[in-house]
Amino acid sequence: MGSSSGVPALAVLLTSEAGARGAALENIRFSRLDAKRPPSGRAAVSVFPDETRQTIEGIGSSITEASAFVLAHLEPCARREVMARAFGASGANLTLARTHIGSCDFTVHGRYAYQSSADAPFSVACDRDGFDPERHPGVRDRAYDLLPMIKEAIEIKNNQNDRKLRIIASAWTAPAWMKNIEDWVRDVTKKHIEKAFNMVDEEWLM
């Protein structure tokens, strides 16, 4: 099966330090063998479809602010096509996703929290309000962000028969003001506000 670009519809693409940039690799071809006489010098894979070993909950990918930022540089119709290839029934039809609550190592503007201090209001605006084209030239959809990306994935799922999409949301770390020495990357959460930190997670999920 091929495509207009000449790359097979089902392909293994390689990007490497050696200089390969999306280079198509030859697919591995499997053939049925006599299990009693495996060929010498070749790997044999034994499959037992009638034996259940474990249950796979799904296959998925990460949804981060950085991925939303990249997609915000596309026209909405092109972005929708990319998202459909990932979550749509005619594409990869991913059923799992992992996302972050507050900043992570794949964010655009560095460290941020939904509550910047103990007295500040809780707000998800930093992951909802998009990217300013004046600050980020090339952005086509200034309203696109992490939370709109999640909503778009859910919308794609809701418009098909297979609607299953499990999203695992977790904080990479507690905000600095919740830690003993108020540092983003070191030390542990203050004991008396661990409950408050858990409440932040729960409020975001609701």
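Since every read-out is calculated from the coordinates, none of them should be taken as a lab result. No experiment lies behind these values; they were computed from the predicted model shown. Because the Cβ atoms are built from the backbone with ideal geometry, glycine has one as well, and the counts that use them run over all protein chains shown.
Quick notes on this structure:
- Near Glu65, once Lys and Arg are set to +1 and Asp and Glu to -1 for all other residues with Cβ below 10 Å from its Cβ, the sum equals -2.
- Segment 59-198: relative contact order in percent, alpha carbon pairs under 8 Å with at least 6 residues between: 28 percent
- Charge dipole of segment 59-198 (Cα centre as origin; +1 on each Lys and Arg Cβ, -1 on each Asp and Glu Cβ, all else neutral): 480 debye, rounded to the nearest 20.
- Dimensions (Å) - segment 59-198, Cα atoms, principal axes, largest first: 49, 36, 23
- Taking amide H as placed 1.01 Å from N in the peptide plane, Ser62 has its amide H under 5 Å from the amide H of Arg98, each at least 5 places away in sequence or on another chain.
- Protection proxy ranking for 80-86, 59-65, 167-173, 116-122, using the average of other Cβ atoms within 10 Å per residue and placing the highest first: 59-65, 80-86, 167-173, 116-122.
- Of the peptides 102-113, 134-145, 46-57, the order by per-residue mean of other Cβ atoms within 10 Å, starting with the highest, comes out as 102-113, 134-145, 46-57.
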